[in-house]
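Asks: I am attaching a structure below and will ask some questions about it afterwards.
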């Protein structure tokens with residue numbers, strides 16, 4: 001019974017891949033970037049939030065809106081993509097959200113039949129199994145004929161991509177003379193028509209499949225009826241795609257062929273309402289609606305399917321991908337759709353704001369005019385009003401007033417959670433803010449909801465000057481990435497040291513704390529502390545530093561401080577010895593040069609991940625608590641160049657290195673303020689003039 005119900009509910013879904021496409025939609029955000037670590041941003045974000053928001057991918061907003069009940073079960077987070085490794089669980093990409101709830105859908109990953117030339121060949125290979133099964137079951141076909149037919153079908157699948165672009169192409173038809181039985185001739189006729197279809201000979205294919213309408217073999221008759229509608233649909237769209245495969249618009253569609261396609265779909269479904277290709281036929285009917293430009297009809301069909309499909313099914317995710325491609329992003333879609341859910345997604349997208357954007361965001365008047373279209377969903381309309389007040393009008397008082405406190409209601413349904421999040425955002429800075437977020441953290445249960453509420457609390461504590469509360473033993477903030485960002489940029493030496501040895505914390509943020517502690521011990525002059533803190537590095541710690549994705553890998557290279565490189569062109573003692581010398585005398589010229597060598601040789605150039613950033617309201621912005629000014633390689637070299645008491649080999653090396661900071665692009669890799677090219681020339685001339693016989697003067701032939 002359950003299986004039959006699933007079949008009935010999912011009618012029309014097998015053809016979703018024909019429309020969905022595998023590439024990202026115009027609203028997609030699946031590319032490498034850093035999310036804005038705040039509760040909102042004004043434009044389109046690469047990191048989605050579990051909050052219905054303008055900055056989300058439209059697919060994400062639609063997925064969230066479809067969920068009208070709590071999950072009701074524990075769901076594990078899907079593994080993030082490479083680009084999302086730094087998102088924590090406060091942010092996510094569309095595909096990660098899909099995989100978390102529904103798993104990966106093979107249909108969504110399938111190639112789309114939107115491309116007019118070679119896409120027909122997708123089914124040439126996939127249809128091989130059905131053909132062979134039907135051929136094996138057919139009676140009255142001699143074995144020799146079966147072999148010839150089977151081989152001919154395999155050749156069609158193999159050669160399809162070679163012939164599909166050429167209407168005058170033909171396959172070797174020698175096998176045709178080997179088939180003489182009545183049943184065998186039906187399969188042969190099917191192969192003739194199928195070959196014409198894949199080559200793009202529409203008239204021949206149309207006649208061939210029509211001749212098989214009364215075939216005695218049931219599979220041949222049904223498959224021919226199904227292929228008849230595909231012939232008309234492909235003929236209709238053949239001239240509507242440009243050389244790059246982009247749809248050029250309904251005006252280029254062959255309207256008579258499209259009408260025949262819809263009639264053929266109706267005929268097939270009437271004759272085979274539960275046929276093996278019925279789901280695909282319904283999917284192709286949506287294709288016909290799209291090709292005709294009937295966005296209203298397409299929207300109604302999408303609304304029906306959205307309500308019919310289970311919210312955690314891969315099929316729903318595939319449908320959402322299709323809706324995004326074929327409806328949400330279409331021009332004037334908001335005027336055509338009747339579905340409050342689809343209209344809400346479009347409205348949120350229209351609330352995005354970009355610098356220099358020619359298209360103004362959704363106006364209050366336009367939203368007011370839509371009120372009647374949300375008659376069945378006043379809760380959703382109210383949320384849109386509040387979102388407009390918050391994001392567009394910047395009227396927090398109005399936004400909060402539209403969203404009364406519903407703390408006693410379940411928060412896990414995305415719309416309810418979004419309303420409570422938006423209310424809290426609108427009331428930021430109020431006396432009860434911390435308590436509000438703590439209550440929401442306790443109420444959130446769906447994946448990605450709690451981490452977002454945790455981010456809200458962490459931001460509130462940070463604004464109040466109490467970010468250390470995140471690390472209290474009873475803190476409700478558990479997301480490791482939130483903690484790591486605060487450790488990297490704001491934490492004091494004491495907090496880093498305490499957290500690095502805390503057995504109750506996860507290994508990765510502990511490694512982040514230890515790396516940050518050791519790095520800042522050196523860059524901010526805590527040399528004696530470095531000697532003690534270095535003992536915390538595990539013997540098996542890795543030491544390969546990549547500054548471009550620091551902190552997002554499975555391990556953190558804290559071993560660079562015990563097993564890194566410290567002696568290159570300049571002979572240097574081990575790093576711990578250098579730190580010891582600096583602890584005794586921070587002005588030790590040789591030791592300072594060797595500290596610079598350690599940074600240079602181990603890839604720390606342009607490593608700014610741990611540097612404080614300007615206070616802008618985002619997580620971990622503002623002045624840090626680690627005492628001491630940051631020492632850069634450029635500052636080391638400048639001080640030694642100015643020190644006439646420095647030894648000749650040390651001063652000449654400082655000149656050499658100060659100049660090479662700008663190789664090869666004329667941009668400094670050594671940190672600090674860049675110096676003009678005139679200064680680099682002056683250093684070059686000084687090196688050549690004062691130390692002409694040094695190896696550094698002899699080896700340096702240009703400046704940058």
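Asks: Restricting attention to the stretch 291-339, which residues are assigned to a loop (DSSP other than H, G, I, E, B) and touching a residue at least 60 places away in the same chain (Cβ under 8 Å)? Working first, answer last.
Replies: Of the stretch 291-339, the ones assigned to a loop (DSSP other than H, G, I, E, B) are 293-294, 309-313, 329-332, 337-339.
Of everything in the stretch 291-339, those that are assigned to a loop (DSSP other than H, G, I, E, B) and touching a residue at least 60 places away in the same chain (Cβ under 8 Å) turn out to be 309, 310, 311, 312, 313, 329.
Asks: Tell me which residues, restricted to the stretch 574-612, are farther than 20 Å from residue 560 by Cβ, surrounded by fewer than 14 Cβ atoms within 10 Å (Cβ to Cβ) and in contact (Cβ under 8 Å) with a residue 40 or more places away in the chain.
Replies: Within the stretch 574-612, 586 is the sole residue that qualifies.
Asks: Tell me which residues, restricted to the stretch 679-701, are under 47 Å from the mean Cα position of the chain (by Cα) and free of Cβ contacts under 8 Å to residues at least 12 places away in the same chain.
Replies: Result: 679, 701.
Asks: Moving to a separate point now. So, of the residues in the stretch 546-566 that are surrounded by fewer than 19 Cβ atoms within 10 Å (Cβ to Cβ) and touching a helix residue (DSSP H, G or I) at 6+ places or on another chain (Cβ under 7 Å), which turns out to be nearest to residue 484 (Cα to Cα)?
Replies: My answer is 555.
Asks: Condition (residue is crowded, with 16+ Cβ neighbours inside 10 Å and within 14 Å of residue 592 (Cβ to Cβ)) applied to the stretch 655-665: is it met by at least one residue? I'd like the intermediate steps shown before the answer.
Replies: Our first condition is that a residue be crowded, with 16+ Cβ neighbours inside 10 Å; within the stretch 655-665, this holds for 655-662.
This time we only want the ones that are within 14 Å of residue 592 (Cβ to Cβ), so: 657-658.
Yes, the stretch 655-665 contains at least one residue that is crowded, with 16+ Cβ neighbours inside 10 Å and within 14 Å of residue 592 (Cβ to Cβ).
Asks: Residue 603 is checked against (1) on the phi < 0 side of the Ramachandran plot; (2) in a loop (DSSP other than H, G, I, E, B) and fails just one. What number does that condition carry?
Replies: (1)
Asks: Please work out which one of (1) under 24 Å from the mean Cα position of the chain (by Cα); (2) surrounded by fewer than 23 Cβ atoms within 10 Å (Cβ to Cβ); (3) at pLDDT below 95 is the condition residue 359 fails and give its number.
Replies: Residue 359 satisfies every listed condition except (1).
Asks: Would you confirm, using the coordinates I've provided, whether residue 525 is in contact (Cβ under 8 Å) with a residue 60 or more places away in the chain, surrounded by fewer than 19 Cβ atoms within 10 Å (Cβ to Cβ) and assigned to a loop (DSSP other than H, G, I, E, B)?
Replies: Working: in contact (Cβ under 8 Å) with a residue 60 or more places away in the chain: yes; surrounded by fewer than 19 Cβ atoms within 10 Å (Cβ to Cβ): yes; assigned to a loop (DSSP other than H, G, I, E, B): yes.
The answer is yes for residue 525.
Asks: Which condition from (1) on the phi > 0 side of the Ramachandran plot; (2) without any contact (Cβ under 8 Å) to a residue 60 or more places away in the chain is the one that residue 448 breaks?
Replies: Just one mismatch for residue 448, condition (2).
Asks: Now a separate question. What are the residues in the stretch 214-266 that are touching a strand residue (DSSP E or B) at 6+ places or on another chain (Cβ under 7 Å) and part of a loop (DSSP other than H, G, I, E, B), if any? First the steps, then the outcome.
Replies: Filtering the stretch 214-266 for residues touching a strand residue (DSSP E or B) at 6+ places or on another chain (Cβ under 7 Å) gives 240-241, 247-248.
240, 248, listed by residue number.
Asks: Based on what the data block shows, is residue 418 touching a residue at least 40 places away in the same chain (Cβ under 8 Å), within 21 Å of residue 89 (Cβ to Cβ) and surrounded by fewer than 20 Cβ atoms within 10 Å (Cβ to Cβ)? Lay out the reasoning, then the answer.
Replies: On the way: touching a residue at least 40 places away in the same chain (Cβ under 8 Å): yes; within 21 Å of residue 89 (Cβ to Cβ): yes; surrounded by fewer than 20 Cβ atoms within 10 Å (Cβ to Cβ): no.
Here the answer is no, as residue 418 does not meet what is asked.
Asks: All but one of (1) more than 20 Å from residue 264 (Cα to Cα); (2) part of a helix (DSSP H, G or I); (3) free of Cβ contacts under 8 Å to residues at least 40 places away in the same chain hold for residue 180; which doesn't?
Replies: Condition not satisfied by residue 180: (2).
Asks: Given the conditions (1) crowded, with 17+ Cβ neighbours inside 10 Å; (2) more than 44 Å from the chain's Cα centre (by Cα); (3) free of Cβ contacts under 8 Å to residues at least 60 places away in the same chain, which single one is not true for residue 634?
Replies: (2) is the only condition that residue 634 fails.
The values are calculated or read from the model by the stated rules, or taken from the named source; none is laboratory data. Please read these numbers as outputs of a predicted model, since none were measured by experiment. Cβ: placed from backbone, ideal geometry, glycine included. Neighbour counts: every protein chain shown.
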